[in-house]
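Taking it in order: structure first as structure tokens, then the write-up.
The values are calculated or read from the model by the stated rules, or taken from the named source; none is laboratory data. Given the structure is predicted, the values throughout are model-derived calculations rather than measurements. Here Cβ is always computed from backbone atoms with ideal geometry, including for glycine, and neighbour counts include all displayed protein chains. Just so you know, the surface numbers come from the protein's heavy atoms only, side chains and all, with ligands and any DNA or RNA stripped out. Shrake-Rupley method; radii C 1.70, N 1.55, O 1.52, S 1.80 Å.
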Amino acid sequence: MHKKYCVYDIRGSCASGKSTLVRNILKRYENEVILDEDIPYHWVPELNLCILGRYDMKGSGVDNVKGSDRIQSFMESKLKHHNVMLEGVIISHVFARWNEMASSKKWKYRFFHLNVDLDTCIERVKKRRLKRGDKRPFNPENTTRFLTQTAKTIGKLKDAGRWVMVLDNPTKKEAYLAVIRQIKKDLKKQSNHEEEE
């Protein structure tokens with residue numbers, strides 16, 4: 001049977017734990033930062049996984065990668081032989097492009113929604129700002145907007161019949177384990193060349 005590789009698309013508002021989830025994976029698995037290709041990524045051999053963006057410096061994920069066409073094209077090239085993970089605030093509330101990509105029969109597309117409540121996200125953003133010395137008055141408008149838009153997008157993806165796992169206010173450990181369990185389940189199927197049930 002034809003082996004299908006997977007996309008793990010981690011979604012959530014500002015400070016919902018997307019980057020923390022990825023960093024937890026990188027702490028537990030040997031990985032290498034690849035910088036000499038079109039988009040920088042972390043290569044995790046044990047999971048056959050390309051994690052897009054850099055996590056070895058300030059800023060992370062695909063929010064720092066310019067061009068959605070470029071991101072998608074790079075993902076498609078990697079999905080011929082590898083699994084791919086991506087996360088970012090900006091892509092979290094985009095529906096059409098990623099819904100279309102998820103409709104492809106060439107790969108499996110997994111959406112994970114870190115559905116963290118607004119008050120928690122706001123408090124985390126405030127703490128981040130204070131940690132870097134930013135003492136200006138905080139306006140929660142952007143955080144509120146991103147959370148609302150992301151929730152709407154997840155609803156659309158569900159309505160479109162996409163594979164979506166919603167994690168409500170997960171701890172760091174719960175988010176990590178949910179994603180890793182699915183990756184390992186998919187790896188087992190890939191090793192057996194099984195099709196999606």
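Within region 52-61, if we keep just the residues that are open to solvent by 10 Å² or more (accessible area, probe 1.4 Å) and not charged (D, E, K, R), the residue that is nearest to residue 155 (Cα to Cα) turns out to be 60. Annotation: of all residues in region 66-88 being free of Cβ contacts under 8 Å to residues at least 40 places away in the same chain and within 14 Å of the chain's Cα centre (by Cα), the one that is surrounded by the most Cβ atoms within 10 Å (Cβ to Cβ) is 71.
Among the candidates 31, 48, the residue that is touching a residue at least 24 places away in the same chain (Cβ under 8 Å), of a type in the set (S, T, N, Q) and open to solvent by 10 Å² or more (accessible area, probe 1.4 Å) is uniquely 48.
Of the helices (runs of 4 or more DSSP H) lying entirely inside region 89-197, those carrying at least 2 residues that are surrounded by fewer than 16 Cβ atoms within 10 Å (Cβ to Cβ) are 96-102, 118-131, 141-159, 172-191. Filtered by the rule that a residue be modelled with pLDDT of 95 or more, aliphatic (A, V, I, L, M) and over 14 Å from residue 107 (Cβ atoms), region 63-79 gives a lone residue, 71. Here residue 84 qualifies as in contact with a Cys (Cβ under 6 Å, 6 or more places away or on another chain), outside any helix (DSSP H, G or I) and more than 16 Å from residue 20 (Cα to Cα). Scanning region 13-28 for residues that are open to solvent by less than 40 Å² (accessible area, probe 1.4 Å) and in a helix (DSSP H, G or I) returns 18, 19, 21, 22, 24, 25, 26. When 110, 97, 70 are checked against the criterion of being touching a strand residue (DSSP E or B) at 6+ places or on another chain (Cβ under 7 Å) and among the basic types (Lys, Arg), 110 stands alone in meeting it.
Checking each residue of region 115-135 against the condition of being closer than 21 Å to residue 21 by Cβ, under 15 Å from the mean Cα position of the chain (by Cα), modelled with pLDDT of 95 or more and of a type in the set (D, E, K, R) gives no match.
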